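Trainee: First, the structure itself, so that you have it in front of you.
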Ligand code: SF4
């Protein structure tokens, strides 16, 4: 059947876009069929990948679409949310599919954090497993209105299996108190759950493999606001390429919630003069949460 030239060009552009993101596996759900059945793996390696790497096959949780906010949705005391570029970049786009949204456990009945943790198991899905002591899944109120997302565990977090427990965590605790909340009120996670060697920035394939679990956690919690702490969180959750300095303090739509970009507390420890700016951003968080829809 001849393919419409415009459609062919659109498909080619999409495929190129996904290839640049490192995504080369596509599937098509036939109309009217509820579930995609993966073909039986033809060799043991493929069977292992399907078992171990759900993110590359069927379990990519759909990160909420970033949409331009409706004016009436934005509280008056809160700066208007920014619309992201027309083309969604970064890992956020992983959840898109050329034909339909990918199947996700969260699309049926809502998942609980316990179910997601059980699914993660003794995860060996990426190379970070080799150097970790403990998986840092996330911690906090499973019904939190406010979720913080950082980059990845450091040495203290790796030891204790808890997020933000080192010096950066102490600063985060103070900032949480500054906005009149307690640490137990919020939920805290990271884009990767195992410590990168030498505290390096997580690499793209590591984030691609791990972040679907974070998306599922956020979907399970259903917060009103997701605070992205630092560039990796902003890039992963919002798909934005802009530097954190440029977009910090701005609100974005994150599905039916909002997201705020700001500095990672560890950056402030190295640049204490910037703490004032971080406090300004936390003041925006306080106002946002105080303004009932
Ligand atoms: S970083 Fe995430 S995907 Fe990689 S091994 Fe740890 S839990 Fe698994």
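Trainee: Identify, please: which residue in the range 258-274 is touching a residue at least 40 places away in the same chain (Cβ under 8 Å) and buried (at least 20 other Cβ atoms within 10 Å of the Cβ) and is, among those, farthest from residue 286 (Cα to Cα)?
Mentor: 266
Trainee: Look through the range 107-119, keep the residues that are in a loop (DSSP other than H, G, I, E, B) and touching a helix residue (DSSP H, G or I) at 6+ places or on another chain (Cβ under 8 Å), and return whichever of them is farthest from the ligand (Cβ to nearest atom).
Mentor: 110
Trainee: Confirm whether residue 218 is modelled with pLDDT of 95 or more and either closer than 24 Å to residue 118 by Cβ or not in a helix (DSSP H, G or I) (or both).
Mentor: Yes, satisfied.
Trainee: Before we move on, is residue 168 modelled with pLDDT under 95 and part of a helix (DSSP H, G or I)? Full working, then the answer.
Mentor: On the way: modelled with pLDDT under 95: no; part of a helix (DSSP H, G or I): yes.
Spelling it out, it is not the case that residue 168 is modelled with pLDDT under 95 and part of a helix (DSSP H, G or I).
Trainee: Continuing with this model, one more query. I'm told residue 122 meets every condition in (1) outside any helix (DSSP H, G or I); (2) away from the ligand (no atom under 11 Å from the Cβ); (3) surrounded by fewer than 16 Cβ atoms within 10 Å (Cβ to Cβ) except one. Can you identify the failing condition by its number?
Mentor: (2)
Trainee: Further question: Can you spot a residue in the range 236-257 that is within 13 Å of the ligand (Cβ to nearest atom) and in contact (Cβ under 8 Å) with a residue 60 or more places away in the chain?
Mentor: Yes, the conditions are met somewhere in the range 236-257.
Trainee: Do we find a residue being under 13 Å from the mean Cα position of the chain (by Cα), under 13 Å from residue 157 (Cβ atoms), within 12 Å of the ligand (Cβ to nearest atom) and part of a loop (DSSP other than H, G, I, E, B) anywhere in the range 183-190?
Mentor: no
Trainee: Can I ask one more? Test residue 209 against the criterion of being surrounded by fewer than 24 Cβ atoms within 10 Å (Cβ to Cβ), within 16 Å of the ligand (Cβ to nearest atom) and under 12 Å from the mean Cα position of the chain (by Cα), and give yes or no.
Mentor: Values: surrounded by fewer than 24 Cβ atoms within 10 Å (Cβ to Cβ): yes; within 16 Å of the ligand (Cβ to nearest atom): yes; under 12 Å from the mean Cα position of the chain (by Cα): yes.
Here the answer is yes, as residue 209 does meet what is asked.
Trainee: On the basis of being away from the ligand (no atom under 12 Å from the Cβ), surrounded by fewer than 24 Cβ atoms within 10 Å (Cβ to Cβ), more than 15 Å from the chain's Cα centre (by Cα) and within 16 Å of residue 229 (Cα to Cα), does residue 170 make the cut?
Mentor: In short, yes.
Trainee: Has the range 133-151 got any residue that is in a helix (DSSP H, G or I), surrounded by 14 or more Cβ atoms within 10 Å (Cβ to Cβ) and away from the ligand (no atom under 15 Å from the Cβ)?
Mentor: No, that holds for no residue.
The values are calculated or read from the model by the stated rules, or taken from the named source; none is laboratory data. Just so it is clear, the structure is predicted and the values come from calculations on it, not from any experiment. FYI the Cβ positions are ideal-geometry reconstructions off the backbone, even for glycines, and counts take in every protein chain you see.
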